[in-house]
Amino acid sequence: MNYEIVIGLEVHAELSTKTKIFCGCTTKFGGEPNTHVCPGCAAMPGTLPVLNKSVVDYAIRLGLALDCDIAKQCRFDRKSYFYPDLPKAYQISQLYAPVCKEGKLEIDTKNGKKHIGITQIHMEEDAGKLIHDNFNDCTLADYNRGGMPLLEIVSKPDMRSGEEVIAYLEKLREILLYLDICDCKMQEGSMRADINMSVRKKGAEKLGVRTEMKNMNSFKAISRAVEYEADRQISILEDGGEVIQQTLRWDDDKGTNSPLRSKENAQDYRYCPDPDLPPVNIDDAWINKIKTELPELAQQKRERYIRDYKLSEIDAANLTSHKNISDLFENITKLSGEPIESSNLLIGEIMRLMNKTNTETENLSLDSEKLATLIKLVVGGKINRKAYKEVVEKVFVDDIDPEKYISQKGLMMIQDDDAVLKAVESVLSSNEKSIADYRSGKEKAFGFLMGQVMKQLQGKGNPASVKKILTEKLSN
Ligand code: ZN
Ligand code: MN
């Protein structure tokens with residue numbers, strides 16, 4: 001291919017603060033239409049915004065995690081646009097003095113690590129939602145989402161393929177989750193991406209004319225859209241045409257895009273400083289406080305798991321693939337004292353069960369105490385591996401009480417050496433041939449005898465003690 005694809009992303013992350021950015025309304029998702037609304041976020045004339053300090057805290061947290069410069073002073077601007085989902089006719093956002101600037105995010109690509117530049121992170125309010133589908137000739141407006149706090153993360157045009165875009169989004173999602181500032185539920189729109197894309201001849205300096213696809217909220221759709229749009233732009237250029245700067249709507253069912261409007265530039269929005277909000281001064285003490293409270297990120301966790309728990313790089317990566325998994329891993333390890341067993345349990349049985357039941361990681365909720373109890377029982381030789389798996393599945397599916405279940409089902413292994421001894425003696429008395437085979441060097445005979453003893457103990461014998469007693473008896 002003679003062309004290079006150039007992609008920059010604007011990602012909107014809806015923050016998990018308790019209240020909205022400029023009023024005291026709840027940020028809970030859903031709710032009856034227009035119930036999470038007050039005169040402020042409904043844009044009644046005469047109301048005034050009051051900035052939620054937690055939003056600035058979260059912005060600084062993300063800025064630090066993305067290696068940004070944190071502004072000593074940031075300000076809010078009005079971005080004008082008339083649309084019924086935003087009844088003020090402007091969005092409070094930041095253009096001239098955003099809270100964070102000049103950062104970077106490291107992604108893994110097939111050619112190794114790559115840094116994607118971050119131009120800026122700014123704070124802004126979300127708009128409400130328009131519902132067009134329910135009726136034929138009218139549109140309904142729900143302002144519950146109006147005034148929800150957003151961080152917009154603007155990247156530099158550093159990505160060169162759909163894979164790099166996905167790697168960037170996955171890494172960003174990981175960071176947002178570990179920072180505990182956004183739930184990143186793409187289907188609920190908590191994380192959505194605008195894709196700015198152009199193509200140019202390989203080796204060319206000048207960027208091509210770009211198009212934008214807005215509010216993409218699934219990784220699969222993004223991959224498909226990038227591929228389609230690259231092909232579309234290249235064939236226009238190949239035919240001697242010109243790409244038009246415009247906003248496109250991606251239709252994931254049809255797998256095509258269509259023009260929505262010709263693209264605005266910043267000046268079309270008539271940005272102006274918002275006179276209702278004073279500048280926000282951020283001193284070193286504020287930044288340092290957030291620095292010391294910064295949660296451990298996935299990368300740091302991976303390094304710690306490898307160093308302290310002697311886990312492999314792959315296992316450490318698997319366990320940190322989602323915060324829910326690493327939280328579970330750490331809790332189970334703390335309660336059981338068995339990092340390797342905990343890791344094996346999550347990467348093995350639990351991930352298998354998640355696949356089987358189509359459980360999304362963000363919806364995974366398991367009782368660490370119950371799983372730790374099971375690990376202690378299997379490691380302590382109280383239950384065998386087969387019973388362990390069975391009870392893990394029961395905990396996963398029905399959240400049963402493992403100890404109760406084990407005693408009801410009689411899954412505890414026989415610890416009593418006398419019972420094992422009796423079983424060994426009875427098996428040996430009726431298997432003269434196998435004893436002779438074993439003594440003449442046929443190792444297989446031992447396995448057979450061991451199996452017979454276990455059978456007699458109905459599978460509940462502790463293999464270690466059966467093996468020990470059987471070996472003793474055979475060497476007599
Ligand atoms: Zn409100
Ligand atoms: Mn925005």
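Every number in this text was worked out from the coordinates using simple rules, so none of it is lab data. Being a predicted model, the structure only gives us computed values, none of them experimental. So basically every Cβ, Gly included, is an ideal-geometry build from the backbone, and we count neighbours across all protein chains shown.
Take the cross-link list Lys376/Lys404; Lys171/Lys370; Lys88/Lys291; Lys79/Lys101 and give me the ones stretching past 27 Å between alpha-carbons. Too far apart for the 27 Å limit: Lys171/Lys370; Lys88/Lys291. Magnitude of the charge dipole for the range 207-355, about its Cα centre and with charges confined to Cβ atoms of Lys, Arg (+1) and Asp, Glu (-1), is about 160 debye. Cα centroid separation, the range 19-37 to the range 444-476: 66 Å. The Cys residues in the chain with no partner Cys Cβ within less than 4.7 Å of their Cβ are Cys23, Cys25, Cys38, Cys41, Cys74, Cys138, Cys182, Cys184, Cys272. Using the Karplus relation 6.51 cos²θ - 1.76 cosθ + 1.60 with θ = phi - 60°, the per-residue 3J(HN,Hα) values for the range 345-361 come to 4, 5, 6, x, 4, 5, 5, 5, 5, 4, 4, 4, 9, 6, 8, 6, 4 Hz, with x marking Gly and Pro.
Ignoring lysines fewer than eight residues from Lys460 along the same chain, the ones with Cα atoms less than 16 angstrom from its Cα are Lys382, Lys386, Lys389, Lys409, Lys422, Lys468. Using θ = phi - 60° in the Karplus curve 6.51 cos²θ - 1.76 cosθ + 1.60, the 3J(HN,Hα) couplings for the range 450-465 round to 4, x, 5, 5, 4, 4, 4, 8, 6, x, 9, x, 6, x, 5, 6 Hz; x is entered for Gly and Pro. Cβ-to-Cβ counts within 10 Å put Val226, Val280 in ascending order as Val280, Val226, the fewest first. Computed per residue of the chain from DSSP H runs no shorter than four, each worth -39500 (n - 2.57), the mean residue ellipticity at 222 nm is -12000 deg cm²/dmol. Please give the FRET efficiency for Asp231 paired with Ala204, using the beta carbon to beta carbon distance and R0 = 22 Å, rounded to the nearest 0.05. Computed FRET efficiency for Asp231 and Ala204 comes out at 0.75.
For the range 349-392, applying the loop criterion from DSSP together with a ceiling of 16 other beta carbons within 10 Å to the GluC sites (Glu not before Pro) yields Glu360.
As a rough footprinting exposure proxy, the listed residues Asp77, Asp142 were ranked by other beta carbons within 10 Å of their own, and the order from fewest upward is Asp142, Asp77. Phi angles across the range 244-256 convert, under the Karplus curve 6.51 cos²θ - 1.76 cosθ + 1.60 with θ = phi - 60°, into 3J(HN,Hα) values of 9, 6, 7, 8, 10, 9, 8, 9, 6, 5, 7, x, 9 Hz, Gly and Pro given as x.
Taking amide hydrogens as placed 1.01 Å from N in the peptide plane, the amide H of Ile400 sits under 5 Å from those of Val395, each at least 5 positions away in sequence or on another chain.
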